[in-house]
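One structure is given here, and the rest of the page talks about it.
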Amino acid sequence: MTKFLLAVHVIAAIVAIGPVTVAASMFPPFARRALAESGGTESGGTGSGGGLHTLRLLHRICRIYAVVAAAVPVFGFATAGNMGVLGDTWLIVSIVLTGIAAVVLGALVLPRQEALLAGFEEAGAIEAGATEADSPEAGAAPTAAAGAGGAVTGVTVTERATVRLAMVTGIFNLLWATVTVLMIVRPGSTTGA
């Protein structure tokens, strides 16, 4: 039974967490590209429609697979219980890092993605609905009023905002890489490598 649970745990990690880390890592460069195609925030444009579509798709992948990833710790706890390692230091550290990674994803990465998307969409609405002669907002920098649960507000779509998103995404990915290494190496484990 332990081998089955371990296999499901590893497969769930690959299938669920892998897409989140890749899509989250791809989001900031695509946002910078869309910003550059728009001529920066001074023009208020959204770049190509394909750029916004790609950003929406990457964000959707992150949101959906983040929910699916909840299966990873469930099967991880079941596996650890069968192996009798629930009290081992390497596992406790892995659990803590997994919790931190979940918080970083839910409180920082996803809301910042949503805020940038809202900023691009607002710029598109400004672009489509007004001309410079009709509205002083036509050339305004795209901004987002709120992210998920209002966590990130007033984000202007700038290269700096995409760099900040890349930073927190990198932290999220580094946490998962550390957990992966701990799961493979299992320092101090008496169950063998």
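Points to keep in mind about this one:
- Of all residue pairs spaced 6 or more apart or on separate chains, those with beta-carbon atoms under 7 Å, a first member in the stretch 167-186 that is within 15 Å of V10 (Cβ to Cβ) and a second member that is outside any helix (DSSP H, G or I) are R186/A193.
- Candidate set: the stretch 136-192, residues that are basic (K, R) and modelled with pLDDT of 90 or more; chosen: the one least open to solvent (accessible area, probe 1.4 Å): R164
- Scan of the stretch 103-128 for residues that are touching a Pro at 6+ places or on another chain (Cβ under 6 Å) and open to solvent by 60 Å² or more (accessible area, probe 1.4 Å), ordered by number: E122
- Where a residue in the stretch 18-37 is farther than 11 Å from T54 by Cβ and its partner, wherever it lies, is open to solvent by 60 Å² or more (accessible area, probe 1.4 Å) and not aromatic (F, W, Y), with Cβ under 8 Å and at least six apart: P28/V163; R32/E159; L35/E159
- In the stretch 67-102, the residues that are of a type in the set (S, T, Y) and open to solvent by 40 Å² or more (accessible area, probe 1.4 Å): T89
- Those residues of the stretch 22-41 which are in a helix (DSSP H, G or I) and open to solvent by 30 Å² or more (accessible area, probe 1.4 Å), in sequence order: V22, S25, M26, P29, F30, R32, R33, A36, E37
- Residues of the stretch 1-43 that turn out to be aromatic (F, W, Y) and farther than 23 Å from V179 by Cα, as a count: 1
The values are calculated or read from the model by the stated rules, or taken from the named source; none is laboratory data. This one's a predicted model, so the numbers in the text were calculated from it and none came from an experiment. In this analysis, Cβ positions are derived from the backbone assuming ideal geometry, glycine residues included, and neighbour counts consider all displayed protein chains. Heads up: the accessible areas ignore ligands, DNA and RNA and are worked out on the full protein's heavy atoms, side chains in. Shrake-Rupley method; radii C 1.70, N 1.55, O 1.52, S 1.80 Å.
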